[in-house]
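Student: Dropping the structure in here first, questions after.
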Amino acid sequence: MALRAPDNDRIADALERVADLLEVQHANVYRVRAYRNGARSIRETLRCMAELDAEGGVEALAELPGIGKSLASHVHELVHSGGLAMLRRLEGEVSPEDLFTTIPGIGERGAARIHRELDIETLEELELAAHDGRLAALHGFGERRVRGLRHALAQILSRSARRRSRRLTGRDERGSDVGPREPPPVATLLEVDGEYRERAERGELRTIAPRRFNPEGEAWLPVYHVEKEGWHFTALFSNTARAHELGTTRDWVVIYYDRDGDEDQCTIVTERAGPLVGHRVVRGRESDSAHHHKSS
């Protein structure tokens, strides 16, 4: 049965919920206002968002008053999935296992095994593991099953792949030059990481009650929103099963960042061995991290 796209009111409700959560978590007031204005614009628009998206995609949505590229990408996600990853993240619900179970062919046990044994947290990392042999090496994941997962992941991540292509080529889907789409510099990410941990230690940040690994419903997870160099950053301590298992929930920091509709995330940890031992390192960008520490 095909997923029914949400109507305009439901889409606007989701954006207003994001605005409410950003406000109580002390995000930039202009960003909060942008989500509220976007929700108002959608409620006042006579055109159905799903129809507009089907006709012109994110580009058509971005032309609506008060929307722009970033909000257009959220509307596109809501139209196609019925949910919004950013909203789940702000509500403290997101987890790698939850993400992995959205892939046909992966149940709760398989998702937990992938996260625990491969130590991966995103669908992009899962796609890489499905191609480099790590996933096939797991018990219960034969080659036939992995082939099916590769196909499913390719479809689900097609939009992310287009975003990655735009970041690498500096061109949009129509071939127009949109400038470089590089991720934030390591120095900026480490700056956000340092500010987050210092402010969390001083008890200055709003805390949320994550639903996972928190049976008492305690609001213990600090959330930090900040804008730097045109990027929006949201930082939280990692609340994954792996982080709890290793006792690193107050060390591993997950930083989500977005700008002009391009979104991604990274994890920053304290290196335990090697030449960078004791230093904060952006996973996947160890070389850049080493250069930063050497020059600072």
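The values are calculated or read from the model by the stated rules, or taken from the named source; none is laboratory data. Here the structure is a predicted model, which is why all the values come from computation and not from measurement. Reconstructed Cβ throughout: ideal geometry from the backbone, glycine too, with neighbour counts over all protein chains shown.
Student: Scan region 130-142 and tell me whether some residue there is closer than 21 Å to residue 89 by Cβ and touching a helix residue (DSSP H, G or I) at 6+ places or on another chain (Cβ under 7 Å).
Tutor: No, the conditions are met nowhere in region 130-142.
Student: Inside region 30-108, counting only helices (runs of 4 or more DSSP H) that do not spill past its ends, which hold 2 or more residues that are aliphatic (A, V, I, L, M), over 18 Å from the mean Cα position of the chain (by Cα) and surrounded by fewer than 20 Cβ atoms within 10 Å (Cβ to Cβ)?
Tutor: Output list reads 49-62.
Student: Quick one: which of 84, 118, 128 is among the aliphatic types (A, V, I, L, M) and within 26 Å of residue 23 (Cα to Cα)?
Tutor: 84
Student: Determine whether residue 132 is at pLDDT below 90, outside the structural domain of residue 16 (by TED's automatic domain parsing) and more than 21 Å from the chain's Cα centre (by Cα).
Tutor: Against the criterion (at pLDDT below 90, outside the structural domain of residue 16 (by TED's automatic domain parsing) and more than 21 Å from the chain's Cα centre (by Cα)), residue 132 qualifies.
Student: Restricting to region 243-260, name every residue that is surrounded by fewer than 18 Cβ atoms within 10 Å (Cβ to Cβ) and either under 12 Å from the mean Cα position of the chain (by Cα) or in contact (Cβ under 8 Å) with a residue 60 or more places away in the chain (or both).
Tutor: Answer for region 243-260, where residues must be surrounded by fewer than 18 Cβ atoms within 10 Å (Cβ to Cβ) and either under 12 Å from the mean Cα position of the chain (by Cα) or in contact (Cβ under 8 Å) with a residue 60 or more places away in the chain (or both): 245, 260.
Student: Follow-up question, since we're still on this one. Could you check region 135-162 and list, in sequence order, the residues that are among the small types (Gly, Ala, Ser) and modelled with pLDDT of 80 or more?
Tutor: 136, 137, 140, 142, 148, 152
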